[in-house]
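FYI, it's all coordinate maths here, none of it is from the lab. A quick note: this is a predicted structure, and the numbers were derived from the prediction, not measured. Counting neighbours? That spans all protein chains shown, and the Cβs are built from the backbone with ideal geometry, glycine included.
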Amino acid sequence: MNKVENNIIFETPHQQNIEGIFIQLKENTQKMKNTNAKQRIQKLKKIEEYILQNREEIQKAVYADFKKNPTEADTTEIISTLGLLRHAKRNLKQWMKPRRVGTPLNMFGSSSQILPEPKGVCLIIAPWNYPFYLAIAPLIYAIAAGNTVMIKPSEISHNTSAYIQKMMDELFPANEVKVVQGGVDVSTTLLKLKFNHIFFTGSPQVGKIVMRAAVDNLTSVTLELGGKSPAVICEDADLKDATDKLTWGKFINAGQTCIAPDYALVPKSRKDEFVEQMSNTINEFYSPNGEVVSVSEDFCRIINHSHYHRLKSIIDDAAEKGATVIMNGEMDESTKFIPPTIVTNVTNDMRIMQEEIFGPILAVMDYEEINQALEVIEEKEKPLALYVFGKKKKYIKNVIHNTTAGGTCINDTILHINNPELPFGGVNNSGIGKSHGKFGFDGFSNQRAVLKNRIGMTVVKTIYPPYGNLSKKL
Ligand code: NAD
């Protein structure tokens, strides 16, 4: 037995018979490949019905992990998953269709098409921060594309992970979808197996481990990673609107969101107004009657003590180096509570501007000229998300044209993840490959190129050997 944080005991890879599970999944790939759209939609329907019937159970599991309010569990774990499921059900037939493409004239007589086919046996490794959504969303596309799937949810959000295991055991035979549980030792064992595709969601550091392991088997990967996502406040931004949207995007899930605005770049002349407005909005959201945020049922806890201490040390480091910390309440180690916090006067030598924060702390850096703000972004890794707030098109365009990001909201935060017509994913350090909608389906599919010719007919005959003086005619 293996112990991980919180003293949760998981079975070892050997006890879970990981290799045996893999073989079963592998042996079933051909059968799954031959399933049609109707059969795959049926599988998606089963997941949908299960979620609808067990909504409260899912809310409870997520609440047990980090006290997430059931309404927030609804919006960020359940309804978001159902949205992707329903979109996939509606569009799957179309996605699966072979796509005819043109054929050059010098190949006259032949025709060409692109045939999406499943990759085979796929591995999904999920993180803890949206433990249900981030395990089930990739599963939707893996199933839609006709694969068999092994899921390794996070050992940290162990209540939700146990729920996902029960759910999959009830929904699918072991040779279609199977959950294995555990931490690094289980992941390491999994990464040695010859999966046909790995869909990993987590930190860039572990993303590199996954990619290195994939090299040995030449397994394709989708890496959904993280990083520092900036919010740029242009000089003409509507601050009430911007701070409402930033407060929501930053403090939902207590900031433990991969696309949460990590730091805000604010014009120096508007910084005080911005901070005041942001503090007001925090009060409106989490202390509507003047109560302390720690009693609010709407504000999550930090997932574990190790992350609590990491966040505390980020704040301490900034304070020691001269930043101003505005904390809406008091931290409490015993309940892993960190109140909504704004840290101003930050500089690039502080950890708060170097590491992904991933907690309820917004760093605020001010700028005199927009180019200074753009330079701050440029010097860092390419972000998973970038948010820009402003009125004039030319200001918005300037920010977008001079930066890059996996996704962007103009005058909002987070919401781009909710449109399955948009690809979701990062760039380089924030991710490789895209998910959601057709992009998700394609990620789990091999785009097979098929050229068909007629028997007895090939223009290529003219270039068969013996060549003689053929090159003079070409
Ligand atoms: P993590 O990288 O620590 O863990 C993710 C998964 O990898 C877990 O299942 C874990 O068991 C496994 N893992 C951990 N160490 C491993 C190792 N050495 N070898 C193999 N597997 C290992 O990430 P996390 O703390 O669970 O999640 C937070 C990170 O995930 C943040 O960086 C966040 O931005 C990112 N994230 C990204 C997205 C996205 O969609 N792009 C979504 C959520 C979270």
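Here are the numbers:
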| quantity | calculated |
| --- | --- |
| Whole-number D in µm²/s for segment 181-336 (Stokes-Einstein; Kirkwood sum over Cα pairs; 37 °C, 0.692 mPa s) | 177 µm²/s |
| Degrees between helix 133-144 axis and first principal axis of the chain (Cα, 0 to 90, nearest 10) | 10 degrees |
| Per principal axis, descending, Cα span of segment 230-423 in whole Å | 48, 36, 32 |
| Tilt relative to the chain, helix 370-379 - C-alpha long axis, 0 to 90 degrees, to 10 | 60 degrees |
| Inter-label distance, nm, simple model (7 Å from Cα along the C-beta direction), Arg454/Ser203 | 6.2 nm |
| The chain: calculated mean residue ellipticity at 222 nm from DSSP helix runs of at least 4, using -39500 (n - 2.57) | -12000 deg cm²/dmol |
| Spin-label pair Glu333/Tyr467, simplified geometry with 7 Å Cα→Cβ offset, distance in nm | 7.7 nm |
| Cut-off 11 Å, label 7 Å out along Cα→Cβ of Lys321, residues of segment 343-376 by amide N | 346-355 |
| FRET efficiency estimate (nearest 0.05) - Cβ-Cβ, Asn402 to Ile114, R0 22 angstrom | 0.05 |
| Ordering of 287-296, 314-323, 83-92 by burial proxy (mean other Cβ atoms within 10 Å per residue, highest first) | 83-92, 314-323, 287-296 |
| Beta bridges by DSSP in segment 331-474, antiparallel share as percent, to the nearest 5 | 20 percent |
| Separation in nanometres of the label points that stand 7 Å from Cα toward Cβ, at Lys391 and Val295 | 4.1 nm |
| Calculated P(r) of segment 46-174 - Cα pairs past 19 Å, % | 54 percent |
| Centroid-to-centroid separation of segment 300-337 and segment 95-125 [C-alpha atoms, Å] | 51 Å |
| Over 27 Å [Cα-Cα, the chain], rounded percent | 59 percent |
| Peptides ranked, highest mean first, by Cβ atoms within 10 Å: ranges 34-44, 95-105 | 34-44, 95-105 |
| Among 325-333, 210-218, 259-267, the order from most to least packed when residues are scored by Cβ within 10 Å on average | 259-267, 325-333, 210-218 |
| Across Lys393/Lys434; Lys46/Lys97; Lys245/Lys271, pairs whose alpha-carbon gap is larger than 21 Å | Lys393/Lys434; Lys46/Lys97 |
| Degrees separating the helix 239-251 axis from the principal Cα axis of the chain, which is the longest one | 70 degrees |
| Length released on extending from Ser279 to Leu105, taking residue separation times 0.36 nm less the Cα-Cα span | 56.1 nm |
| Inter-part distance where segment 403-418 and segment 227-269 are each reduced to a Cα centre, Å | 11 Å |
